[in-house]
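A short reminder: the numbers here are calculations on the coordinates, not readings from a lab. On a predicted model such as this, the values are computed, not experimentally measured, just so you know. As a convention, Cβ positions derive from the backbone with ideal geometry for all residues, glycine included, and neighbour counts pool all protein chains shown.
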Amino acid sequence: MVLHGRTTSVARGTRARLRPATVAALATGAALGLGMAGVQAAAAYGDLPRTWFGRDDATGLSLELLDAPEGAHAVQGDQVAVPAALLDGLVPGDVRTFQVAVTNDAHGRQTVVSRIEWLAPVVGEPFAQEPLVEVVGLPGLLEPGARAAATVRVLAPEDWSQANAGRSGRLVVTFTGTQS
């Protein structure tokens, strides 16, 4: 309340209480805005970690599992997941193969590497000893637009432990391309 150009104590008290609230609201808004700008900038440059379901656009690779039964596989971004059902019933000496087409969708040459990872099956017990896995036929370098067929081989050695009987696993093969 203002009387004759002078501020009364009621007005001073209200203004003093509003200052910290206003400062806090402005600081919160600024922090949120800066945080959102940072996330957008990092995403634009590909610096955020990718998830299982995300495609890593920075690699410029596209994948296709060529010879697996319909609906029995998953291609998620730069990963091919071979379901446990396709690996069930492995016995010593078995070899299972899968063809994966790898295409360079980038504008430059790509150095391509693969990485293998075993995950526990959704149902049942994991292998006591994981089968051997190799990726063959993948050229080290793919030109723009080039496509190569890699063969993923899952091998149960002749001396593979009987403890693996009735067990399974999920195989994930990740393909990474680096501009060269």
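Check segment 135-156 and report whether any residue there is within 22 Å of G93 (Cβ to Cβ) and in contact with a helix residue (DSSP H, G or I) (Cβ under 8 Å, 6 or more places away or on another chain).
Looking for residues that are within 22 Å of G93 (Cβ to Cβ) and in contact with a helix residue (DSSP H, G or I) (Cβ under 8 Å, 6 or more places away or on another chain), one finds at least one in segment 135-156, hence yes.
Give, as residue ranges, the strands (runs of 3 or more DSSP E) completely inside segment 85-180 that count at least 1 residues that are without any contact (Cβ under 8 Å) to a residue 40 or more places away in the chain.
132-136
For segment 86-129, what are the residues that are of a type in the set (K, R), within 29 Å of E158 (Cβ to Cβ) and surrounded by 13 or more Cβ atoms within 10 Å (Cβ to Cβ)?
Listed by number, the list holds a single entry, R96.
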